[in-house]
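In what follows, a structure is listed as structure tokens, so that the remarks can point back to it.
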Amino acid sequence: MKPRIRLVKAGAPQASTLEADYEAITLAEQAHRAMRRDIIAGALPAGQPLRLESLKARYGISFSPLREALNRLQSEQLVVSTTSRGFRVAPFSEEEMWDAIETRIVIECEALRRSLARGDDVWEATLMDAFRALVTATEQHAEQAPDPTSPADEQLEECHYAFHRSLLAACGSKWLLELSAKLYAQTERYRRPSLQDGKYWSRERDVALEHRQLVDAAVARDANQAAGLLARHYRETGRAVKKVLALNAERPVA
């Protein structure tokens with residue numbers, strides 16, 4: 001029997017090369033997701049330097065995927081870089097926070113109006129499931145000390161994001177949803193670390209009720225009411241975070 005001859009097209013990448021490229025892409029995506037999560041949660045605080053040696057030790061990922069992830073985070077404005085100082089987490093700015101909040105309101109109120117106009121029974125059922133999951137996660141989390149990096153907090157925040165995402169899910173616009181996701185990251189990186197401060201939770205504000213009112217308006221297909229409630233919900237959060245930022249600015253540095 002004649003041996004088989006494997007013909008390789010000139011210029012075609014070998015399997016090992018493809019596998020190496022795939023692994024690099026996968027590692028870069030892993031690094032991006034992990035750092036993005038930690039920036040939003042406050043585990044990597046605003047202004048913190050992001051040195052490759054420290055990141056390699058933290059995430060167990062080599063320099064090349066880490067650099068790619070950092071460049072991607074920079075394009076998302078979660079990370080900044082200078083020639084002299086390298087990469088660092090984007091600093092906090094009250095002006096920037098309000099800019100992100102108000103832009104998010106513009107984008108999401110439009111997406112919400114479209115979603116309410118287009119949403120069918122399946123969309124409504126998904127919204128109600130997301131709301132119930134958020135209520136359950138909130139109740140389970142209520143007795144625990146605030147820690148934005150704990151599994152319980154991560155579960156709660158996943159439910160919180162899923163709820164807000166489900167409100168907009170039927171809008172029919174990929175761009176509106178993509179812009180919403182980017183603005184979510186920008187606003188959450190202010191809100192999440194603020195949860196560590198007990199003063200964030202004002203007794204005068206009932207966040208669970210705000211979510212309930214949003215659901216009721218959405219199910220009733222009252223677009224004006226729902227959009228107004230959503231805008232107020234985000235602005236109330238911004239005002240609470242502003243108080244925490246002010247308190248932190250007044251505290252002496254240890």
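Right, I61: among the hydrophobic types (A, V, I, L, M, F, W, C) and assigned to a loop (DSSP other than H, G, I, E, B) or not?
Yes; evaluated as a whole, the condition is true for this residue.
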Exercise. Please go through the stretch 198-254 and pick out each residue that is modelled with pLDDT of 95 or more and outside any helix (DSSP H, G or I).
Key: A220, R221, D222
Quiz prompt | Enumeration of residues in the stretch 219-229 that are closer than 16 Å to I105 by Cβ and either of a type in the set (G, A, S) or touching a Cys at 6+ places or on another chain (Cβ under 6 Å) (or both) | solution = A223, A226, A227, G228
Quiz prompt | Odd one out for S81, checked against (1) surrounded by fewer than 18 Cβ atoms within 10 Å (Cβ to Cβ); (2) in the same structural domain as R189 (by TED's automatic domain parsing) | solution = (2)
Quiz prompt | Residue in the stretch 167-175 that is buried (at least 17 other Cβ atoms within 10 Å of the Cβ) and modelled with pLDDT under 95 present | solution = no
Quiz prompt | Breaking point among (1) in contact with a Leu (Cβ under 7 Å, 6 or more places away or on another chain); (2) over 22 Å from E210 (Cβ atoms); (3) polar (S, T, N, Q), for S115 | solution = (2)
Self-check item: Residue list for the stretch 163-181, filter: touching a helix residue (DSSP H, G or I) at 6+ places or on another chain (Cβ under 7 Å) and either part of a loop (DSSP other than H, G, I, E, B) or within 20 Å of I39 (Cβ to Cβ) (or both)
Solution: A169, A170, C171, G172, S173, L179, S180
Quiz item: If you take the residues in the stretch 47-58 that are among the charged types (D, E, K, R) and in a helix (DSSP H, G or I), which one is farthest from R85 (Cα to Cα)?
Solution: R58
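Name the one entry in L112, L66 that is without any contact (Cβ under 8 Å) to a residue 40 or more places away in the chain and either under 20 Å from the mean Cα position of the chain (by Cα) or assigned to a strand (DSSP E or B) (or both).
Testing whether each residue is without any contact (Cβ under 8 Å) to a residue 40 or more places away in the chain and either under 20 Å from the mean Cα position of the chain (by Cα) or assigned to a strand (DSSP E or B) (or both) leaves just L66.
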Quiz item: Scanning for something within 18 Å of A181 (Cα to Cα) and of a type in the set (S, T, Y), does the stretch 78-100 turn up at least one residue?
Solution: no
Quiz prompt | Selection from the stretch 78-128 of residues that are touching a strand residue (DSSP E or B) at 6+ places or on another chain (Cβ under 8 Å) and among the aliphatic types (A, V, I, L, M) | solution = L78, V79, V80, V89, A90
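Which residues, taken from the stretch 97-109, are touching a residue at least 24 places away in the same chain (Cβ under 8 Å) and surrounded by fewer than 17 Cβ atoms within 10 Å (Cβ to Cβ)?
Passing the criteria: only T103.
The values are calculated or read from the model by the stated rules, or taken from the named source; none is laboratory data. Computed from a predicted structure; not experimentally measured. Glycine also receives a Cβ, built like all others from the backbone with ideal geometry; neighbour counts cover every protein chain displayed.
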